[in-house]
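The values are calculated or read from the model by the stated rules, or taken from the named source; none is laboratory data. This one's a predicted model, so the numbers in the text were calculated from it and none came from an experiment. Cβ atoms come from the backbone with ideal geometry, glycine included; neighbour counts cover every protein chain shown. Each accessible area value is taken on the protein alone, full model and side chains, heavy atoms only, with ligands, DNA and RNA left out. Shrake-Rupley method; radii C 1.70, N 1.55, O 1.52, S 1.80 Å.
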Amino acid sequence: MTTSAPAWRYVDQTLFESAHPDSALVGAKCTGCGTVTFPVQDSCPRCGGSAMGTAVLPREGTLWSYTVQSFAPKTPFRTVEPFTPFGVGYVDLGEVIVESRLTVADADALTIGTAVRLTTIVNHLDEDGTEVRTFAFEPTEGASS
């Protein structure tokens, strides 16, 4: 008997370069001053310019700061039930700092400056069982490829 992988989709396809499971995050870069934003913005928050190009973000960065979300987020946010605490952090990707879920939920196991890389995790399941995936960052050392 052959079992197929569960169906999945991204929570927001506009956050990703493509629909591929290993897709990079995509932001915007001001053609005037070079400011990078994530998620994509129509205008530059730094200079007010409206000429924004696409910026594919690096898949690896550094944990800039973090905390652990120990209570379920309020609606409209959804998580896998039953709720379990999860790490949240700011990840420095060079030209931009991204707020993200972390794959580590133990604050004692996290350290500012840890090298991390992009992955995806299940955010929640649709009513039909489809996995709704979002981005997260995992420590580089000991992380699976």
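Numbers below:
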quantity: For residue 35, residues with placed amide H under 5 Å, excluding near neighbours; calculated: 30
quantity: Charge sum, other residues only, whose C-beta stays under 14 Å from residue 129's C-beta, Lys/Arg counted +1 and Asp/Glu -1; calculated: -3
quantity: Candidates 119, 62, 14: whichever shows maximal mean-square fluctuation once the chain is modelled as a Gaussian network with Cα springs under 10 Å; calculated: 14
quantity: Top positive-direction residue, dipole computed over the chain with Cβ charges, set 98, 109, 8; calculated: 98
quantity: Apportionment of accessible area to carbon and sulfur, the range 1-115, percent (1.4 Å); calculated: 54
quantity: Overall form of the range 50-128 per C-alpha gyration tensor (a/c, 1.5; a/b vs b/c); calculated: oblate
quantity: Under-5 Å amide H pairs with residue 10, H placed in peptide plane, nonlocal only; calculated: 133
quantity: Residue among 121, 112, 97 with the largest mean-square fluctuation in a Gaussian network model of the chain, springs linking Cα atoms under 10 Å; calculated: 112
quantity: Under Karplus coefficients 6.51, -1.76 and 1.60, residue-wise ³J(HN,Hα) of the range 59-71 in Hz, glycine/proline x; calculated: 7, 10, x, 10, 5, 8, 6, 7, 7, 10, 7, 9, 9
quantity: Long-range amide H partners of residue 86 with built H, under 5 Å; calculated: 69
quantity: ³J(HN,Hα), Karplus 6.51/-1.76/1.60, whole Hz, each residue of the range 29-40, x for Gly, Pro; calculated: 10, 5, 6, x, 10, x, 5, 9, 10, 8, x, 3
quantity: Ellipsoid semi-axes in whole angstrom, largest first, where each is sqrt(5λ) of the Cα gyration tensor of the chain; calculated: 27, 20, 15
quantity: Along the chain, longest interval not containing exposed trypsin sites (Lys or Arg not before Pro), exposed being DSSP loop plus at most 16 other Cβ atoms within 10 Å; calculated: 79-145
quantity: Accessible area in square angstrom per residue, the chain, 1.4 angstrom probe; calculated: 60
